[in-house]
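**Q** Once you've had a glance at the structure underneath, I'll fire off some questions.
The values are calculated or read from the model by the stated rules, or taken from the named source; none is laboratory data. Computed from a prediction, not measured in an experiment: that's the story for all the values here. Here the Cβ positions follow ideal geometry from the backbone for every residue, glycine too, while neighbour counts run over all protein chains shown.
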């Protein structure tokens, strides 16, 4: 039987760039085929060709063995191909049914919408594929994971047989990811086929039937999960061996650098977001702050860095109270901040790399003499940092907006690490980055720790927190529910704490004994 | 292609507009001007009765007459704004000083017209760079003219070397105050500077009317006018009548150079541009958005005030009601045309000055209504705001933004 979908020799050129270079890919009926590659490897371009958003320069697309002309998304939908975009295309103030029927409305005589009929169809689909979505709920009220299922229903409503899922796990919590994998498995059991685009290695091994790795617009190879390992896949993706497990020595801690007492912070809606949090971080250690997104981590970081005034409690850095200090006063004490949202807070996208590298030191010598900016010193500094931190940019006068996410993040890291710092507050430092960049940033963080910097690492990526932290504080509904030793932490314990449940003694004991076993062997 | 974990904040339409304006290439700007001029000629032709009359004779007569109308429009515009080369030649050959001055009058008059545009355009550009939309330039021009005029006639007995700068400073301070108020409101309460500068315009118009009819009225005059300023407050005129070309033009150029230096060579300019480009990042970097907003609005207002003072001290020598007919509003357009860059502002101020000055001659000589120039300006602006149109007409490549998504630079994509 012919595969449900076959791509032959797909080539796409953009000015100066060969985005897809004779790519071949087959999708069998009833399989989950993972498309793995770093950001910019050409995955998304390929899928946009398949979905009719671009036209290929060469090559052909076969659906069920028949050559298909896909020039626009409607052609793709007619051929039974649907796409769940990474950024959902939903209207929050519409109900699930209204969103699903949009563009393909059922009507009663006289042109009136037949919502009831559509809602029934949505309910049928939801039940058949165990998606558990209420057709009458407003999309804006639904959690992200459920919104994603609405997107899936949209495709099933249009009788799609091939589902392209573009980085579907990027927006989900670990629990939601588990659930999504179950749904994907169930969908293929029901005869659907899925192309699963990702750059996360663990997920690929967990849920795909076949894996194709793309690098630099070319297919590097196709493999089965049983023949692959994360290490092997990472090497295929990046083109060299990658250290996934970072090596670190035991922390040599010094004096207390950051001292937080009974901190209370409100969110912009004036609700308590950080609720009586106390902790200390010593020189030379990494305190990981784990938790599901939205449990007060953002507000905690903003309060620590002076961007948000606490309503109660006390923050001290190196013995100096900074509870109501301005961001500049805090920075001048030797504190650095890698912000959660690099494009919103950390960079001025329309400014050149050189200017972004002095964004918080521009007023100090040697970058300024009094009021006068020393442009040549700024350029000199940027040339040094671009080389030292391996920032890939055409020149230091290129605007940061033209850089890839990984390189944008390196601009921030270079800026914050290039001054003498005692405290580093890193919020989601590797969000959205690929394996190579993550490896790089992790190494730099541990280097800073070993130099004696106190580090607060806020991350929703459990692997990251477990790997890097010496101690882990888990935040749940604004409180630190528990702080555990980094060496004892595992996904099970953190997962429970993140859900607000204290693990029982047995779980801890098991973690401890496992740890000892490892030490013994 | 970079993947963010959450949807990016959607910029509002005004931000998109500003982004387009600042990042559209100069070639688009140039082609927009050319296209505007071509369409303006077409418009002049199809609004002329002669062309329709000629079409009744024959189709080709109609086309020919249309072209002639367009040609005469622009040649009148050119001689009105730059001068008539034939006349210049004759005048130079004749050697009569007055005739020579008359022949060169259009060119210098255009420069005189451009001067307040330079100040006004800089005022708007400084605001835009700080992320502020100062629509109150017109009002600030009035206030600056009031304070400048007052310093010009009320203070006497000073030498010109002190009196002129003092009067200009008073004009600057008057406008600065008018910009400072909405700046303060914006910084402290978040009140939209767009709304408040518009409101400040109305206050400025009525306030200056009151001053002209009351405290500042020249008692010897019947109509509302201020007294004539002292000779020591007048900006130096380089030539005798009728040429009104004065020192203000060079002051404007110097101020433009100063603003360039301030914006791009000082730490304060860096702060201003950072706040304008990304206020969140500015806060993160420890800059004071409040101070920058207040000072930028005050500076913007002050530059507008200079436009007003310059007109009084250099051209009119006294203030009359409604003396600035829309300089402030044209300034918004020309700042956008100049991409909020001091050099761009000077160039587009010259363009606007020459168009305005030439249009008056064009109306007198060719009978083409002056409004054609307003339409021409509007067309140019519309094309710049919608670069897609220009790119389509001239088959220019899409701007870089799209291509960047596909860079394949290996490490980190």
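**Q** Which residues, taken from region B:75-99, are crowded, with 18+ Cβ neighbours inside 10 Å and part of a helix (DSSP H, G or I)?
**A** Once the filter is applied, which keeps residues that are crowded, with 18+ Cβ neighbours inside 10 Å and part of a helix (DSSP H, G or I), region B:75-99 yields B:76, B:77, B:79, B:80, B:81, B:88, B:91.
**Q** Still on this model: Taking residue A:219 and the conditions (1) assigned to a strand (DSSP E or B); (2) over 30 Å from residue A:143 (Cα atoms); (3) in the same structural domain as residue A:456 (by TED's automatic domain parsing), which numbered condition does it fall short on, given that it satisfies the others?
**A** With (1) assigned to a strand (DSSP E or B); (2) over 30 Å from residue A:143 (Cα atoms); (3) in the same structural domain as residue A:456 (by TED's automatic domain parsing) applied to residue A:219, the lone miss is (3).
**Q** Also, I was wondering about something else. Whether any residue in region A:90-105 is farther than 17 Å from residue A:5 by Cα, surrounded by 14 or more Cβ atoms within 10 Å (Cβ to Cβ) and within 14 Å of chain B (Cβ to nearest Cβ) is what I want to check.
**A** yes
**Q** Kindly establish whether residue A:11 is modelled with pLDDT of 90 or more, within 14 Å of chain B (Cβ to nearest Cβ) and either on the phi > 0 side of the Ramachandran plot or in contact with a strand residue (DSSP E or B) (Cβ under 9 Å, 6 or more places away or on another chain) (or both).
**A** Taking the combined requirement at face value, the residue satisfies it.
**Q** From B:286, B:269, which residue is in a helix (DSSP H, G or I), closer than 29 Å to residue B:182 by Cβ and within 14 Å of chain A (Cβ to nearest Cβ)?
**A** The match here is B:269.
**Q** Among the residues of region A:188-202, which ones are outside any loop (DSSP other than H, G, I, E, B) and within 14 Å of chain B (Cβ to nearest Cβ)?
**A** A:197, A:198
**Q** Inspect all residues belonging to region A:167-182 and state whether any of them is surrounded by fewer than 21 Cβ atoms within 10 Å (Cβ to Cβ) and over 20 Å from residue A:294 (Cβ atoms).
**A** yes
**Q** I'd like the residue in region A:424-439 that is assigned to a loop (DSSP other than H, G, I, E, B) and touching a strand residue (DSSP E or B) at 6+ places or on another chain (Cβ under 9 Å) and, out of all such residues, is nearest to the other protein chains (Cβ to nearest Cβ).
**A** So the residue we want is A:428.
**Q** Out of the residues in region A:386-402 that are in a helix (DSSP H, G or I) and surrounded by fewer than 18 Cβ atoms within 10 Å (Cβ to Cβ), state the one that is nearest to the other protein chains (Cβ to nearest Cβ).
**A** Per the criteria, the residue is A:401.
**Q** Moving to a separate point now. Can you find a residue that is within 14 Å of another protein chain (Cβ to nearest Cβ), in contact with a helix residue (DSSP H, G or I) (Cβ under 7 Å, 6 or more places away or on another chain), part of a strand (DSSP E or B) and closer than 26 Å to residue A:38 by Cβ anywhere in region A:157-166? Lay out the reasoning, then the answer.
**A** Restricting attention to region A:157-166, the residues satisfying the condition of being within 14 Å of another protein chain (Cβ to nearest Cβ) are A:165-166.
Restricting the remaining residues to those that are in contact with a helix residue (DSSP H, G or I) (Cβ under 7 Å, 6 or more places away or on another chain) gives A:166.
Still in the list and also part of a strand (DSSP E or B): A:166.
Imposing the further condition that a residue be closer than 26 Å to residue A:38 by Cβ reduces the set to A:166.
The answer is yes; a qualifying residue exists.
**Q** Turning to a different aspect of this structure: For the condition surrounded by fewer than 20 Cβ atoms within 10 Å (Cβ to Cβ) and more than 8 Å from chain B (Cβ to nearest Cβ), what is the one hit in A:314, A:344?
**A** Every option except A:314 fails the conditions.
**Q** Restricting the first residue to region A:176-191 and requiring it to be without any contact (Cβ under 8 Å) to a residue 40 or more places away in the chain, which pairs with a second residue that is surrounded by 14 or more Cβ atoms within 10 Å (Cβ to Cβ) and outside any helix (DSSP H, G or I) meet a Cβ separation below 6 Å and a spacing of at least six or different chains?
**A** A:177/A:169
**Q** Any residue at all in region B:231-249 that is in contact with a helix residue (DSSP H, G or I) (Cβ under 9 Å, 6 or more places away or on another chain), assigned to a helix (DSSP H, G or I) and within 14 Å of another protein chain (Cβ to nearest Cβ)?
**A** no
**Q** To continue, here is another question. Tell me whether region B:322-339 contains one or more residues that are within 14 Å of chain A (Cβ to nearest Cβ) and in contact with a helix residue (DSSP H, G or I) (Cβ under 7 Å, 6 or more places away or on another chain).
**A** Yes, region B:322-339 has at least one match.
**Q** Another question about this same structure. Check residue A:405 against each of (1) more than 12 Å from every other protein chain (Cβ to nearest Cβ); (2) over 28 Å from residue A:364 (Cβ atoms) and name the one condition it does not meet.
**A** (1)
**Q** Return the residues of region B:274-283 that are surrounded by fewer than 23 Cβ atoms within 10 Å (Cβ to Cβ) and either under 17 Å from residue A:325 (Cα atoms) or within 9 Å of chain A (Cβ to nearest Cβ) (or both); say none if nothing qualifies.
**A** Filtering region B:274-283 down to residues surrounded by fewer than 23 Cβ atoms within 10 Å (Cβ to Cβ) leaves B:277, B:279-280, B:283.
Once the filter is applied, which keeps residues that are surrounded by fewer than 23 Cβ atoms within 10 Å (Cβ to Cβ) and either under 17 Å from residue A:325 (Cα atoms) or within 9 Å of chain A (Cβ to nearest Cβ) (or both), region B:274-283 yields B:277, B:280, B:283.
**Q** Continuing with this model, one more query. Return only the number of the condition from (1) out of contact with any strand residue (DSSP E or B) (no Cβ under 6 Å at 6 or more places or on another chain); (2) more than 7 Å from chain B (Cβ to nearest Cβ); (3) surrounded by fewer than 21 Cβ atoms within 10 Å (Cβ to Cβ) that residue A:353 does not satisfy.
**A** (3)
**Q** Something else: State which residue is nearest to residue A:378 (Cα to Cα) when the search covers only region A:320-340 and only residues that are without any contact (Cβ under 8 Å) to a residue 24 or more places away in the chain and more than 7 Å from chain B (Cβ to nearest Cβ).
**A** This residue is A:332.
**Q** Does residue A:63 count as in the same structural domain as residue A:30 (by TED's automatic domain parsing) and either within 31 Å of the chain's Cα centre (by Cα) or at pLDDT below 90 (or both)?
**A** Answer is no for this residue.
**Q** List the number of the failed condition for residue A:239; all other conditions in (1) under 20 Å from the mean Cα position of the chain (by Cα); (2) without any contact (Cβ under 8 Å) to a residue 60 or more places away in the chain; (3) within 14 Å of chain B (Cβ to nearest Cβ) hold.
**A** That leaves (1) as the condition not met.
**Q** Of the residues that sit in region A:356-376 and are without any contact (Cβ under 8 Å) to a residue 12 or more places away in the chain and either part of a helix (DSSP H, G or I) or under 31 Å from the mean Cα position of the chain (by Cα) (or both), which one is surrounded by the fewest Cβ atoms within 10 Å (Cβ to Cβ)?
**A** A:376
**Q** Against the conditions (1) more than 24 Å from residue A:45 (Cα to Cα); (2) touching a strand residue (DSSP E or B) at 6+ places or on another chain (Cβ under 7 Å); (3) surrounded by fewer than 19 Cβ atoms within 10 Å (Cβ to Cβ), where does residue A:158 fall short? Just the number, please.
**A** Only one criterion is unmet by residue A:158, namely (1).
**Q** Let me ask you something else. Does residue B:292 meet the test of being in a helix (DSSP H, G or I), closer than 22 Å to residue B:262 by Cβ and within 14 Å of chain A (Cβ to nearest Cβ)?
**A** yes
**Q** Moving to a separate point now. Pairs under 6 Å by beta carbon, first residue in the same structural domain as residue A:98 (by TED's automatic domain parsing) and on the phi > 0 side of the Ramachandran plot in region A:127-155, partner in a helix (DSSP H, G or I) and surrounded by 13 or more Cβ atoms within 10 Å (Cβ to Cβ), six or more apart or different chains?
**A** A:130/A:186
**Q** If you don't mind, there's one more thing I want to ask. Would you point out which residue out of A:28, A:60 is closer than 24 Å to residue A:205 by Cβ and either within 14 Å of chain B (Cβ to nearest Cβ) or in contact with a strand residue (DSSP E or B) (Cβ under 8 Å, 6 or more places away or on another chain) (or both)?
**A** A:28
**Q** Looking at A:379, A:421, which is the one that is away from chain B (no Cβ under 13 Å), over 18 Å from the mean Cα position of the chain (by Cα) and farther than 21 Å from residue A:248 by Cα?
**A** Answer to the selection: A:379.
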